[in-house]
Amino acid sequence: MSNQYAVDKGIAVKKESGRKYPWAMMGVGDSFFVPAGDSAADRYLRSSIYNSGRSSLLTRGLDRSDGYNVVVRKTEENGTVGLRAWLVGPPKG
């Protein structure tokens, strides 16, 4: 059986440049927009945004049982189709 992939040695792991989404800078009610379309990759993007937001909430010690959540909706803004993600908190009152 032949190996179709070359094995490389001594290549350093590229460091990530930081968080992809701004969850750490957001408060309840804040949101951000990510341009996206209707492809399978863009449907994956929605899941990626939601999961990263939920992870951020858990890192801060906030949970859905306390009324915190992440909401991601498809929207069009200034002629660009995309996803807007909100950090939502417990209802007031």
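For the reader, a short list of remarks on this structure follows.
- Filtered by the rule that a residue be exposed (fewer than 11 other Cβ atoms within 10 Å of the Cβ) and either closer than 17 Å to Lys20 by Cβ or of a type outside the set (Ser, Thr, Tyr) (or both), region 32-43 gives Asp38, Ala40, Ala41.
- Pick from region 45-67, criterion open to solvent by 50 Å² or more (accessible area, probe 1.4 Å) and over 10 Å from the mean Cα position of the chain (by Cα), ranking: nearest to Arg19 (Cα to Cα): Thr59
- Pairs with Cβ under 7 Å, 6+ apart, first in region 18-47 and touching a residue at least 60 places away in the same chain (Cβ under 8 Å) and small (Gly, Ala, Ser), second open to solvent by less than 30 Å² (accessible area, probe 1.4 Å) and in a loop (DSSP other than H, G, I, E, B): none
- Condition check for Gly79: among the small types (Gly, Ala, Ser), open to solvent by 40 Å² or more (accessible area, probe 1.4 Å) and at pLDDT below 90: no
The values are calculated or read from the model by the stated rules, or taken from the named source; none is laboratory data. Predicted model, so just to flag it, every value in this text is computed and none were measured. Every residue, glycine among them, receives a Cβ derived from its backbone with ideal geometry; neighbour counts consider all protein chains shown. Note: areas computed on protein heavy atoms with side chains; ligands, DNA, RNA excluded. Shrake-Rupley method; radii C 1.70, N 1.55, O 1.52, S 1.80 Å.
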